[in-house]
Amino acid sequence: MTALEIRDLDVWFGHAHDRVDAVKGANLSVMQGESFGLVGESGSGKSTILRAITGLAPQWSGTIEVEGQTLSGAKRDRAFFRTVQMVFQDPYASLHPRHTVDQVLSETLHLHGLDNIDKRVAGLLDDVGLGQRFRFRYPHQLSGGQRQRVAIARALAGEPDILLLDEPTSALDVSVQAEVLNLLADLRTKHGLTYLMVSHDLPVIAHMCDQLAVMRNGEIVEVMSSATLRMGNPRHEYSQELLRASVAPQ
Amino acid sequence: MNDLTLRQWLLADAPTSRRHARLSSLYKGWLTLRTNSMAMVGLTILVLLVFTAVFAPVLAPHDPFSQDLASRLQPIGTGGHLLGTDSLGRDILSRLIYGARITLYIVALVALIAPVAGLLVGTVAGYAGGWTDVVLMRITDIFLAFPRLVLALAFVAALGAGIENAVLAISLTAWPPYARMSRAETLTIRSTDYINAIRLQGAGPLRIITRHIWPLCISSLIVRVTLDMAGIILAAAGLGFLGLGAQPPSPEWGAMISEGRRFILDHWWVATVPGLAIFTVSLAFNLLGDGLRDALDPKDDGQ
């Protein structure tokens, strides 16, 4: 079954002569339980696709289907937020500076209309590998990796089926990156999640995803399996170029 | 629980309950404020002012309203009048002490009305955007365009003289800067990822504004209010001076200056003493505001 289907997606910002086309005619489909990667350099429109799905980029045309439901405009209903959640790129910007971890998680649970909030908060913290002693801390008392774990816990609070990951590790230290990626991989197995993951890091995508799409200037130039990527024979010349750039000694 | 362990409990790295986390962050703010000696001077003066207002009947050596024309315009320190007497022979110190009540009353009422109104208008305009923003901000501009005292004068003239109407008039002229400020803050806050994140949890605009935007606006608002307090006291004194605020025989400090004005050359203390009181309290609010800015600034949280 298809979890997420995108056809002829155009996303743009601004009006008339100020208009910038961020995504042009994108097509992709993600199967239930699959992990799908979007790669490309900065400004290639990969994050914009995620924002169009969640309604944060209101100007788009084409078709977006989530578990068979067709989306329209920028309004999303409660059922959508219980199906699709997003983890943001920068954990330093995605947590409210005045809310404790406990406030963040219990408010989210409350918004999803769940009961037994105290127990669920404890469960979520265990799920993402944060102990109970982090429960009443403020974001500034946490490290980057810990913050991103809180953000992941928040995304999981409503028990979604699909998780959109917007470069979840690019703001973190290399050593912490691996931890968070492994956590995400474990959570996917445990909860049977579907991932749509954006990254500019080919090795990360090759490690995390079954399928990937390469984007350039708002267009998807190639969709391939990560096995193809690992064997080093993508078809499109831009994909080959990206691959060469990422395996070249730094 | 002795003093040391209470301190350790408050500074704990990993708070154990919601209340603990809140108290702990309050205590850390207090510690920051305490290192600022000027702010502590301001705070001390204001605590003294509150103390004076509460215990006015005990502290005042004379009845502030009892007239004694035989000993009118006594200079400082004569005949049992520590700060002298005014043109009707009333003890200036006693009037000053009772006047502290009026000053606090004005300050408290304005501080309740103006920032709340400004916060409401500013955050709604900033978060909603579009036409709501345009309409609310143009109204704010209209209020901002008038000189403050002139607008307050017009309101008092329309509503009638008196301390409540003076407070109302001052509040009506004081809210636009708060609205502008909270709108500007809201504009930067509303596009951040943590607001996007809560929107993705299905939160409505009301919850976002009150639970997520207000807490971030309030610290700068408090700072701005304490800095404005001096101006508010002076505006109230100005209205009193013009005879449109507190009415005689009420011992409002501005009205006392106004009365003393007639004798300022021969009997300088009648106008100077309440003037010094206004000056001291204004200064105290300014010093405290400065310190609060350092203690409350959310941008310092990350360090």
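The values are calculated or read from the model by the stated rules, or taken from the named source; none is laboratory data. The structure presented is a predicted model; accordingly, all values stated were derived computationally and were not measured. Because the Cβ atoms are built from the backbone with ideal geometry, glycine has one as well, and the counts that use them run over all protein chains shown. Note: accessible area is taken over every heavy atom of the protein model, side chains too, but ligands, DNA and RNA are not part of it. Shrake-Rupley method; radii C 1.70, N 1.55, O 1.52, S 1.80 Å.
Evaluate E = 1/(1 + (r/R0)^6) for residue B:88 and residue B:184, where r is the Cβ-Cβ distance and R0 equals 60 Å; express this FRET efficiency to the nearest 0.05.
0.75
For chain A, modelled as a GNM with alpha-carbon contacts under 10 angstrom, which of A:79, A:22, A:171 fluctuates the most?
Highest fluctuation of the listed residues: A:79.
Taking a probe of 1.4 Å, how large is the accessible area per residue of segment A:188-236, in Å²?
With the other protein chains kept in place, segment A:188-236 gives 46 Å² per residue.
Taking 0.36 nm per intervening residue step and subtracting the Cα-Cα distance, what contour gain separates residue A:69 from residue A:110 on full extension?
Going from the current span to full extension adds 12.3 nm.
Using the heavy atoms of the protein chains and a 1.4 angstrom probe, tell me the accessible area per residue for segment A:1-79 in square angstrom.
On a per-residue basis, segment A:1-79 sits at 47 Å².
Need one number: buried accessible surface between chains A and B, 1.4 Å probe, both sides summed, DNA, RNA and ligands left out, in Å² to 100. Numbers along the way, then the final one.
Numbers: alone 12130 and 15870 Å², together 25210 Å².
Result for this pair: about 2800 Å² buried.
How shielded is B:15-22 by partner chains, expressed as the average number of their Cβ atoms within 10 Å of its Cβ atoms?
Values: counts 9, 4, 3, 6, 1, 1, 9, 2.
Mean shielding by partner chains, rounded to a whole number: 4.
Hey, got the average number of other protein chain Cβ atoms within 10 angstrom for residues in B:187-197?
Mean shielding by partner chains, rounded to a whole number: 5.
Hey, what's chain B come to in accessible area per residue, 1.4 Å probe, Å²?
48
Does chain B classify as rounded, prolate or oblate by the C-alpha gyration tensor (a ≥ b ≥ c root eigenvalues; a/c under 1.5 gives rounded; else a/b over b/c gives prolate, otherwise oblate)? List each step's numbers first, then the result.
Details: a/c = 3.16, a/b = 1.54, b/c = 2.05.
Oblate, because a/c is 1.5 or more while a/b does not exceed b/c.
Rounded to the nearest 20 Debye, what is the dipole magnitude of segment A:174-250 about its Cα centre when Lys and Arg each give +1 and Asp and Glu each give -1 at the C-beta?
With only Lys, Arg, Asp and Glu charged at Cβ, the dipole is about 120 debye.
Let me have the 222 nm mean residue ellipticity of chain A computed from DSSP H runs of 4+ only, each contributing -39500 (n - 2.57), with the sum over all residues rounded to the nearest 500.
-11000 deg cm²/dmol
Can you give the % of DSSP beta bridges in the protein assembly as shown that are antiparallel, to the nearest 5? Could you put the intermediate results ahead of the total?
Working: 24 of 42 bridges.
Approximately 55 percent, going by the DSSP bridge assignments.
For residue B:41 and residue B:131, calculate 0.36 nm times their separation in residues minus their Cα-Cα distance, and state this gained length in nm to one decimal.
Numbers: separation 90, 0.36 × 90 = 32.40 nm, distance 4.60 nm.
Result for the pair: 27.8 nm of gain on full extension.
Among DSSP beta bridges whose residues both lie in segment A:2-247, state the antiparallel percentage, nearest 5.
Within segment A:2-247, antiparallel bridges account for around 55 percent of the total.
Calculate the spin-label point distance for residue A:118 paired with residue B:78, positioning each point 7 Å from the Cα along the beta-carbon direction, and give it in nanometres.
The answer from the label model is 7.3 nm.
Rounded to a whole number, what % of the accessible area of segment A:60-139 do carbon and sulfur atoms account for, probe 1.4 Å?
Result for segment A:60-139: 47 percent of the exposed heavy-atom area is carbon or sulfur.
Suppose we compare each residue of segment A:56-89 in its chain alone and in the full protein complex with a 1.4 Å probe; which ones drop by at least 20 Å² of accessible area?
Buried by 20 Å² or more upon assembly, which counts only protein chains, are A:56, A:78, A:81, A:85, A:88.
Report the FRET efficiency, 1/(1 + (r/R0)^6), for residue A:92 and residue A:231, where r is their Cβ-Cβ distance and R0 is 51 Å, rounded to 0.05. Present the calculation step by step, with values, prior to reporting the outcome.
Values: r = 37 Å, r/R0 = 0.73.
Between residue A:92 and residue A:231 the formula returns 0.85.
Based on the mean of other Cβ atoms within 10 Å per residue, sort peptides B:164-170, A:199-205 so the most packed one is first.
Sorting B:164-170, A:199-205 by mean packing, highest first, produces B:164-170, A:199-205.
Sort B:248-259, B:200-211, A:103-114 for me by packing, meaning the mean count of neighbouring Cβ atoms within 10 Å per residue, highest on top.
Peptide ranking by packing, descending: B:248-259, A:103-114, B:200-211.
Measuring from a point 7 Å past the Cα of residue A:207 along Cα-to-C-beta, which residues in segment A:217-250 have an amide N at less than 17 Å?
A:226-227, A:229-231, A:246-248, A:250
Rank B:32, B:192, A:152 by how far each Cα sits towards the positive end of the charge dipole of the protein assembly as shown (+1 on Lys, Arg Cβ; -1 on Asp, Glu Cβ) and give me just the farthest.
Working it through, the farthest residue towards the positive pole turns out to be B:32.
Using 0.36 nm times the number of residues separating residue B:154 and residue B:142, minus their current alpha carbon distance, what extension gain do you get?
Values: separation 12, 0.36 × 12 = 4.32 nm, distance 1.46 nm.
Full-extension gain reported as 2.9 nm.
Give me the inter-chain shielding for A:97-103: mean count of other chain Cβ atoms within 10 Å, whole number please.
That average works out to 5.
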